[in-house]
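Notes follow once the structure below has been shown.
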Amino acid sequence: MQNEKAEFKKNILSSQIDLSKFELATEEEKKQQDVMSESTTFLRDGIKKLMKNPLAVGSLIVIILVLLLIVIAPMVVPYEYSEIIKVNGSRDRGAKNLAPFQYSEKELEFIAQGGEIFPHIMGTDAMSRDYFIRVVYGTRVSLLVGLFASAIVLVIGMFYGSVSGYAGGRADLIMMRIVDIIYSLPDMLIIILLSVVLDQVLSGNKSIIIAKLGTNMVSIFIVFGLLYWVGMARLVRGQILSIKENEYVLAAKAIGAKPGRILTKHILPNCLSVIIISTALQIPSAIFTESFLSFVGLGVQAPMPSLGSLANAAREGLQSYPFKLIFPATMICLIVLSFNLLGDGLRDAFDPKLRR
Amino acid sequence: MKRYVIKRIVLAIVTVFIISAITFFAMNAIPGGPFNSEKAPSPEVKAVLLERFNLDKPVIQQFGIYLVNVIKGDFGVSLKTGRDITKTIVESFVISAKIGGIAVVVALFFGLVLGSCAALMRNKLPDRLIVFVSTLFTAVPSFVLATLLLLVFSIKLGWVQVWSATDTNYILPVISLAMYPMAYITRLTKTSMLDALSQDYVRTAKAKGVTPWKVIFKHALRNALIPVITYVGPMTAYILTGSLVVESVFTIGGLGSKFVTSITNRDYPMIMATTIFLATLMVIMNLLSDIIYKVVDPRINFD
């Protein structure tokens, strides 16, 4: 009885719908509700955006090409970075400072006799070593230093930052004061200082790792581990401070999840994009630092080349052999530029908020 | 405001103290002393020397003595040349300060002009050109640029004389020092200028009928300057460390090249003195740029 009445005498405030005022949607209108694009994950969406950025794709290709070069070239080129060129098994000391694609007298003789000599793509250096293979190994060293140093920064910074941010309170205050002080230290000066000292201290140590890498390389890593992580720590802490206020963290806490699990399962995955971007931008800065140190004479141990030490060595014969500077210098600029552009592209793709 | 300034000054003093401590104890950790060269002095001479340089006292006491001396402005004498370090630093710093100062001014001026141009002519040819060049130059280390400039302009073309004591030409060292900060400031100015131009107060000013030039200079650029101020501190640090290699490349007798020679000579008192001096300078510049930043922009809260 009551229902029938309500159909005719509708209260103004009633939310009951009068069906007669509506009509069925046409097929065309129904189509508008269709989901046109596929559902996508955060990672896939970011990669898609990255692939639309021509600069980022270009620099990614350059980086891959450089990586292929430093992996393949030592297998193809029959020279060693630390050895004098050999012609037919005997050392050729006359092959000093050859221009690119030039052959020494001994080599020309050997070719005339029907032998085959691999061309010196970038000529040779003052000690009759093939310059191309030295540049390749120099790139290897510089890239390795860049990647390793960034990895060290990543691990220490992420750990310190997440503990500080998650713990909060007094622990956070003290940890951040330490970061403030380290942050205000002039890093380059301290690096130079520590490299000088560690070079002397470590040279007495005869362990295998140090002997293989050279004391300077180890001291670069130590210095990066001591000083460069603070930027990353600050970044991670800032992210965690905002993320830990989210409801899902509260929910996880309410279920009884332990802090370690909450950090690794709920918080860190959410600041992954920031971490990836800043690591990508850390690599060129580490390469910069390494080449700077090598240039000042505090870099990798001779005869192991690095791009910085090659550029430094090229200063001596600059007037006569400018190509010896041009090759490593171009390589440094190319690598740093590509990593910079890739980092910018990653930032634009994964974190629109950070966009400058 | 007052609290913030005091806090920052205390932090700066702590930092300088820590730097001095690191420097001192690091230098002391090096095995071998100044007398380990081939011509070892007789024990008597050695004892006198040890006493004269306070090397016979415990390390902590040595550090105290060193700190007191440093505050008095006495850095001791160089182990290699025997000259008074304070004097050497002051003399060579005059040259470095001149080059560095010009580089700072050049970087700031051209960076601001180019950045503003790029922002005002967004997506036009000049903007694209400026962005391309500045991106390129943020990837060129100062030592590479310095050596290339020396190669092209001094050696190959002969346009600029190579640096000598009588003929001082600042162009090439200044360019090689200023290029990276300039490129960075250009990018910084462009983004902050674009940000400022899209603000409501700029639209209001335009709507009021303020002339375009006045809008750019008084309303947009002044606000766009704020992020650039924070970069002055890091820029000083970059130019100071850059001067190490740039001065070596151009063989300028400034503080930078003195530092590099003292590293290769293992002249420890000189390394310590230069590190402490340069570090203090950087800390002061950072402090100043941070304080000015807060004074200029009242929107920032003093935390």
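The values are calculated or read from the model by the stated rules, or taken from the named source; none is laboratory data. Just so you know, these numbers come straight off a predicted model, no measurement behind them. Using ideal geometry, Cβ is built from the backbone for each residue, glycine included, and neighbour counts are taken over all protein chains shown. Ligands, DNA and RNA are excluded from the accessible area calculation, which covers all protein heavy atoms including side chains. Shrake-Rupley method; radii C 1.70, N 1.55, O 1.52, S 1.80 Å.
What FRET efficiency comes out for B:Leu129 versus B:Thr191 if R0 is 22 angstrom and r is the Cβ-Cβ distance? Round to the nearest 0.05.
Taking R0 as 22 Å, the efficiency between B:Leu129 and B:Thr191 is 0.80.
Report P(r) for chain A: all Cα-Cα distances, bin width 10 Å, range 0 to the bin holding the largest distance, values in whole percent.
With a bin width of 10 Å, the distribution comes to 5, 17, 22, 19, 13, 9, 6, 4, 3, 2, 1, 0.
Over 24 Å between Cα atoms, which of B:Lys190/B:Lys214; B:Lys57/B:Lys80; B:Lys7/B:Lys87; B:Lys124/B:Lys214; A:Lys48/A:Lys244 qualify?
Beyond 24 Å between Cα atoms: B:Lys7/B:Lys87; A:Lys48/A:Lys244.
Just report the Cα centroid separation between region B:247-274 and region A:32-61, whole Å.
Taking the Cα centre of region A:32-61 as reference, the centre of region B:247-274 is 51 Å away.
Could you calculate the contour length gain from A:Ile255 to A:Gln113, that is, 0.36 nm times the residue separation minus the distance between their Cα atoms, to one decimal place in nm?
42.9 nm
What number comes out for the charge environment of A:Ser162, summing +1 per Lys or Arg and -1 per Asp or Glu over other residues with Cβ under 13 Å away?
+4
Can you tell me, using C-alpha contacts under 8 Å and at least 6 residues apart, the relative contact order of region A:136-354 as a whole percent?
Relative CO of region A:136-354 lands at 30 percent.
Determine the total buried accessible area between chain B and chain A, counting protein heavy atoms only with a 1.4 Å probe; round to the nearest 100 Å².
Interface between B and A: roughly 3700 Å².
For region B:219-260, what is the accessible area per residue in Å², given a 1.4 Å probe and the full set of protein chains?
Ligands and nucleic acids excluded, the figure is 26 Å² per residue.
Using Cα atoms only, what is the angle between the long axis of helix B:125-137 and the major principal axis of chain B, expressed in degrees (0 to 90) to the nearest 10?
10 degrees
Using a 1.4 Å probe on the protein heavy atoms, what percent of the accessible area of the protein assembly as shown belongs to carbon and sulfur?
On the protein assembly as shown, the fraction of accessible area on carbon and sulfur atoms equals 64 percent.
How many Cβ atoms of partner chains, on average, are near each residue of B:134-142 if near means within 10 Å of its Cβ?
Other-chain Cβ atoms within 10 Å of each residue's Cβ, averaged: 5.
Just to confirm my numbers, what's the Cα centroid distance between region A:290-335 and region A:124-158 in Å?
One Cα centre to the other: 12 Å.
Can you show me the helix-derived [θ] at 222 nm for chain A, built from DSSP H runs with n ≥ 4 at -39,500 (n - 2.57) apiece and divided by the number of residues, rounded to the nearest 500.
So the calculated ellipticity at 222 nm is -20500 deg cm²/dmol.
Please identify the helices of chain A, taking whole runs of DSSP H, that span at least 27 Å along their own axis as judged from the Cα atoms and have a mean Kyte-Doolittle score of 0.0 or higher.
Answer set is A:54-76, A:131-167, A:272-296, A:323-350.
Which of the residues in region B:1-21 lose at least 10 Å² of accessible area when you go from the chain alone to all protein chains together (probe 1.4 Å)?
B:Lys7, B:Leu11, B:Val14, B:Thr15, B:Ile18, B:Ile19
So what's Rg/Rh here for the protein assembly as shown, counting alpha carbon atoms and using the Kirkwood radius for Rh?
Radius of gyration relative to Kirkwood radius: 1.06.
Using per-residue counts of other Cβ atoms within 10 Å, averaged over each peptide, order A:51-57, A:233-239, B:240-246 from highest down.
Output ranking for A:51-57, A:233-239, B:240-246: B:240-246, A:233-239, A:51-57.
What does the charge add up to near B:Ile30, with Lys and Arg as +1, Asp and Glu as -1, over the other residues with Cβ less than 15 Å from its Cβ?
Residues near B:Ile30 contribute -1 overall.
I'd like the FRET efficiency for A:Val71 and A:Leu241, computed as 1/(1 + (r/R0)^6) with the beta carbon distance as r and R0 of 60 Å, rounded to 0.05.
Efficiency for this residue pair is about 0.90.
Express the accessible area of chain A per residue in Å², computed with a 1.4 Å probe while the remaining protein chains stay in the model.
That works out to 56 Å² per residue.
Hey, what angle do you get for helix B:268-296 against the long axis of chain B, alpha-carbon based, 0 to 90 degrees rounded to 10?
Tilt of helix B:268-296: around 30 degrees.
What is the magnitude of the charge dipole of region A:136-354 about its Cα centre, with +1 placed on the Cβ of each Lys and Arg, -1 on the Cβ of each Asp and Glu, and no other charges, expressed in debye to the nearest 20?
The dipole magnitude comes to about 540 debye.
Which one, A:Lys31, A:Lys96, A:Lys258, has the greatest fluctuation when you compute a Gaussian network model over chain A with C-alpha springs under 10 angstrom?
Answer for the Gaussian network model of chain A: A:Lys31.
Quick one: if the Förster radius is 41 Å, what FRET efficiency do B:Val59 and B:Met1 give, using the C-beta to C-beta distance and rounding to 0.05?
With a Förster radius of 41 Å, E is 0.50.
As I understand it, the value is the acute angle between the Cα axis of helix B:171-197 and the longest principal axis of the Cα atoms of chain B; what does it come to in degrees, rounded to 10?
40 degrees
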